[in-house]
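The values are calculated or read from the model by the stated rules, or taken from the named source; none is laboratory data. Note that the coordinates shown come from a computational prediction; the quantities given were computed from them, not determined experimentally. No Cβ is skipped: glycine too gets one built from the backbone with ideal geometry, and neighbour counts run over all protein chains shown.
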Amino acid sequence: MAEGQLYLNSLDDYDGMNEVFRGRWGREPGVRTTIAAAAGIPGDSLVEIDCIAVR
């Protein structure tokens, strides 16, 4: 189970992020909030993730 917030540099990356996220967490990846950061992500990153995971 995972719960978290995902901050994308662009919502154009949403489908790709979901593919990677499901690859790690399965078909039901848990609760998450996804937004595009208006000012972008610091540095050269395309995504920032804040996550709490429980096994």
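Scanning the range 12-34 for residues that are among the polar types (S, T, N, Q) and in a helix (DSSP H, G or I) yields a single hit, 18. Within the range 2-16, the set of residues being surrounded by fewer than 16 Cβ atoms within 10 Å (Cβ to Cβ), in contact with a strand residue (DSSP E or B) (Cβ under 8 Å, 6 or more places away or on another chain) and among the charged types (D, E, K, R) comprises just one member, 3. Give all pairs with beta carbons closer than 8 Å in which a residue from the range 35-55 that is within 17 Å of residue 18 (Cβ to Cβ) and among the small types (Gly, Ala, Ser) meets a residue that is surrounded by 11 or more Cβ atoms within 10 Å (Cβ to Cβ) and modelled with pLDDT of 85 or more; count only pairs at least 6 apart in sequence or on separate chains. If the second residue must be surrounded by 11 or more Cβ atoms within 10 Å (Cβ to Cβ) and modelled with pLDDT of 85 or more, the pairs left are 36/7; 36/8; 36/9; 36/10; 36/11.
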